[in-house]
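What follows is calculated from the coordinates using simple rules that are stated; it is not laboratory data. Because the structure is a prediction, the values reported are computed rather than measured. FYI the Cβ positions are ideal-geometry reconstructions off the backbone, even for glycines, and counts take in every protein chain you see.
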Amino acid sequence: ELVGFALLSIGFWWEGFGVRRALYEGFFHAISAFCNAGFSTFDESLINSNALVKYTVAVLIIMGGLGYFVIYETMERYKSGRRFSLHSKVVLVTSGFLVVAGMFLLYLFEQGSVSITDCFFQSVTTRTAGFNSVDLTEINYAGIFLLTILMFIGASPGSTGGGIKTTTFFVIVVSIFSVLKGRTSVVVFKRSIPLKMILKSFATALVYIAIIAIGAILLLQDERIEFESAIFEVVSAMGTVGLSLGVTPQLSESGKIVIILLMFIGRLGPASFALATLTKQKELKIKYPEGTLY
């Protein structure tokens with residue numbers, strides 16, 4: 001945050017702000033970016049900011065979205081040469097893939113109308129923070145759908161971001177590939193993924209989707225809100241992202257309550273929410289014979 005504060009202060013000073021204002025903006029946005037809050041003191045967020053500000057904010061968002069465990073392991077690796085754990089490997093690989101894939105796909109969908117810098121920035125911020133460097137209402141449907149998927153996936157466990165988490169997404173993807181290849185176990189980086197973790201990942205994603213569906217249905221009771229805007233708004237709230245296609249001011253009192261509840265559930269986590277609301281049963285000691293379904 002201190003390094004980000006220094007770079008952002010320089011960036012805002014280059015934009016013509018006085019020294020005191022530049023220091024203030026740098027301090028505020030450094031904390032907001034690393035904590036994945038997404039709050040900006042500018043009405044247009046970072047749409048008119050220069051490349052230094054955008055790249056610095058993006059790096060801070062990535063660092064905050066990796067999770068403290070991964071950051072700690074990365075520091076230990078450089079200090080003592082300690083190997084990365086499976087968790088850190090999965091988080092780093094998945095996060096890197098999502099940033100790069102999101103950037104190039106958004107650039108492709110927008111057919112070059114959005115700069116590669118802004119595509120990179122949106123690929124990063126959409127998953128966790130909620131800053132924006134472009135007017136989202138000008139992005140086409142394919143781009144909006146891509147950003148919705150990134151918000152759904154979100155950040156990593158132990159971070160300041162929301163979503164189903166990168167590890168959950170990774171486990172689901174590799175599990176599907178293992179099934180398609182006819183394998184009876186899921187192995188990544190020479191480690192076997194426990195069945196309990198696989199089931200938890202699928203359950204988390206399905207609970208997340210169910211809550212999103214309920215939230216969208218409730219918002220769509222207001223005929224002024226279009227379908228894609230409702231889905232985007234709900235996923236953004238569940239992912240604690242904060243982006244919107246401009247419908248937030250139009251929400252009724254009941255609509256605002258729905259969004260508040262979704263943000264709370266998203267911050268708590270769908271798995272934690274389910275555990276808190278559902279009665280946990282003891283694991284049966286009796287083992288039943290397996291049955292086959294077609």
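Only lysine pairs 8 or more places apart, or on different chains, with alpha-carbon atoms under 19 angstrom apart are counted in the chain, and they number 12. The C-alpha atoms of the chain define a longest principal axis, and helix 2-14 lies at about 40 degrees to it. About the centre of its Cα atoms, the stretch 2-199 shows a dipole size close to 1340 debye [charges on the beta carbon of Lys, Arg (+1) and Asp, Glu (-1) only; nearest 20 debye].
Between the helical axis of 51-66 and the longest alpha-carbon principal axis of the chain there is an angle of about 30 degrees.
Sparse packing (at most 15 other Cβ atoms within 10 Å of the Cβ) combined with a DSSP loop state is found for the following GluC sites (Glu not before Pro) in the stretch 169-248: 223, 226. Here the chain is treated as a sphere whose radius is the Kirkwood value from Cα pairs; by Stokes-Einstein at 25 °C and 0.890 mPa s it diffuses with a coefficient of 120 µm²/s. Counting only Cβ charges, +1 for Lys and Arg and -1 for Asp and Glu, the dipole size of the stretch 67-166 around its Cα centre is about 680 debye.
Put simply, when 12-19, 161-168 are sorted by average Cβ atoms within 10 angstrom per residue, most first, you get 161-168, 12-19.
Between amide H atoms placed 1.01 Å from N, distances below 5 Å from residue 188 occur with 193, all of them 5 or more places distant or on a separate chain. Listed values for the stretch 76-83 are Karplus-derived 3J(HN,Hα) couplings in whole Hz (6.51 cos²θ - 1.76 cosθ + 1.60, θ = phi - 60°), namely 5, 5, 6, 7, 10, x, 5, 6, and x replaces Gly and Pro.
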